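One structure is given here, and the rest of the page talks about it.
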Amino acid sequence: MASAHEGGAPKPHKELVKTVQLEGQVLLKIIQHCNEALPQLVTGQLLGLDVGQQLEVTDCFAFPAAVAEEDEAESAGANYQLEMMRCLREVNVDNNTVGWYQSANMGTFQTVELIETFINYHENIKKCVCIIYDPQRSSRGNLALKAIRLKDSFIELSKEQKLTLKGFREANLSWRDIFVELPIKVRNSNLVQALVADLAPAPTATQADVDRLNLSFAPFLERNIQSLVECVDDIVQEQQKVTMYHKNVARQQQAYAQWLQKRRQENTQRLQDNLEALPEEDPTLFKPIPEPSMLDNYLITNQIATYCDQVNSAASEAIQKLFLMESMQKANM
């Protein structure tokens with residue numbers, strides 16, 4: 001990926017990471033931590049190695065719950081992280097930081113805080129990812145897990161503080177180009193696979209199988225639609241900020257045109273009186289109005305797209321289940 005440069009199209013970057021390989025025990029740790037902390041959102045550290053364009057996550061540990069004071073929380077979190085890394089290094093466990101994981105609520109993770117965390121990680125770790133796990137969506141029978149990273153061109157644009165409409169247009173970026181979702185491969189060692197095969201019970205219906213056949217999808221759709229409506233309200237407010245910016249620019253241009261006309265008339269009179277003309281520019285009177293950032297606008301648009309995808313997926317699953325039940329009833333099963 002690349003940022004825009006004057007007079008030409010952006011130069012393509014080579015993607016640093018294309019796939020994420022996740023150890024089975026790491027996945028179980030993430031799921032356990034996020035499920036036990038419900039409804040609180042939690043986060044933790046990912047450890048592993050980067051091999052070519054594949055990021056191997058071999059271990060993880062949870063961050064402690066935040067304390068009341070923000071300064072104390074940052075200090076305690078940093079000390080805890082350093083102590084954990086030291087302990088892992090002493091027992092010869094991979095202690096290279098490759099990113100972090102966090103839980104999400106109904107697919108909500110596109111926030112400014114996530115962007116800032118990515119930027120901070122990217123200062124020292126170019127190949128870093130974030131694992132997003134959604135416990136509520138996973139309770140419906142499907143594992144809601146995704147690995148994301150920021151596009152390199154967006155990171156460069158953010159560092160240059162050009163997250164305006166003009167900056168995004170020059171870099172040829174849209175709201176779809178902020179996050180990159182990476183495929184996840186779950187890996188288990190041969191010993192783990194042998195143990196699972198030995199412990200595997202007789203083929204019977206599990207709770208996950210029962211959850212997949214649950215026909216009650218109305219509450220899930222209602223929560224998504226309610227969140228979607230809230231996002232639409234937020235995007236309207238962001239659009240109002242942009243509209244207000246253009247109104248202020250137009251008002252300033254009109255005021256400058258009136259001032260310039262008055263100044264030229266005054267200079268004409270001064271020249272007739274053999275006096276020196278006054279400058280026709282006043283940098284202190286008409287300062288450029290800063291263009292508003294489009295980051296919040298693009299993140300909300302990303303979130304709206306996520307909710308729409310979830311509604312579409314849930315509706316498709318519901319229709320399939322209804323047709324399945326209708327066929328079973330006709331067959332007297």
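The values are calculated or read from the model by the stated rules, or taken from the named source; none is laboratory data. Predicted model only: the values in this text are computed from it and were never measured. Virtual Cβ from ideal backbone geometry, glycine too; neighbours counted across all protein chains shown. Each accessible area value is taken on the protein alone, full model and side chains, heavy atoms only, with ligands, DNA and RNA left out. Shrake-Rupley method; radii C 1.70, N 1.55, O 1.52, S 1.80 Å.
Structure above, values below:
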{"read-out": "Within segment 171-193, tally of residues that are of a type outside the set (D, E, K, R), open to solvent by 50 Å² or more (accessible area, probe 1.4 Å) and free of Cβ contacts under 8 Å to residues at least 40 places away in the same chain", "value": "3"}
{"read-out": "Filter result (assigned to a helix (DSSP H, G or I), under 30 Å from Ile30 (Cβ atoms), open to solvent by less than 20 Å² (accessible area, probe 1.4 Å) and of a type outside the set (A, V, I, L, M)) within segment 146-170", "value": "Asp152, Ser153, Phe154"}
{"read-out": "Subset of segment 279-333 that is exposed (fewer than 10 other Cβ atoms within 10 Å of the Cβ) and among the basic types (Lys, Arg) - its residue that is farthest from the chain's Cα centre (by Cα)", "value": "Lys330"}
{"read-out": "Ile119 being at pLDDT 90 or above and either under 17 Å from Leu28 (Cα atoms) or of a type in the set (Val, Ile, Thr) (or both)", "value": "no"}
{"read-out": "Qualifying residue in segment 207-216 (condition: at pLDDT 80 or above and open to solvent by less than 70 Å² (accessible area, probe 1.4 Å))", "value": "no"}
{"read-out": "Long-range neighbours under 7 Å by Cβ, at least six apart or interchain, first residue exposed (fewer than 15 other Cβ atoms within 10 Å of the Cβ) within segment 81-93, second not β-branched (Val, Ile, Thr)", "value": "Arg89/Asn95; Val93/Asp59"}
{"read-out": "Residues that are under 22 Å from Gln21 (Cβ atoms) and not aromatic (Phe, Trp, Tyr), drawn from segment 92-116", "value": "Asn92, Val93, Asp94, Asn95, Asn96, Thr97, Val98, Gly99, Gln102, Ser103, Ala104"}
{"read-out": "Yes/no for Leu157 being more than 30 Å from Ala314 (Cα to Cα) and touching a Pro at 6+ places or on another chain (Cβ under 9 Å)", "value": "no"}
{"read-out": "Long-range neighbours under 7 Å by Cβ, at least six apart or interchain, first residue without any contact (Cβ under 8 Å) to a residue 60 or more places away in the chain within segment 137-164, second open to solvent by 50 Å² or more (accessible area, probe 1.4 Å)", "value": "Ala144/Arg137; Lys146/Glu181; Ile148/Glu181"}
{"read-out": "Output for segment 98-126, where each listed residue is within 23 Å of Leu49 (Cβ to Cβ) and either buried (at least 16 other Cβ atoms within 10 Å of the Cβ) or in contact with a Pro (Cβ under 9 Å, 6 or more places away or on another chain) (or both)", "value": "Val98, Gly99, Trp100, Tyr101, Gln102, Thr117, Phe118, Tyr121, His122"}
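Matching residues to (1) in a helix (DSSP H, G or I); (2) in contact with a Leu (Cβ under 8 Å, 6 or more places away or on another chain):
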residue: Ala255; (1), (2): yes, no
residue: Ile289; (1), (2): no, no
residue: Asp296; (1), (2): yes, no
residue: Ala314; (1), (2): yes, yes
residue: Gln320; (1), (2): yes, no
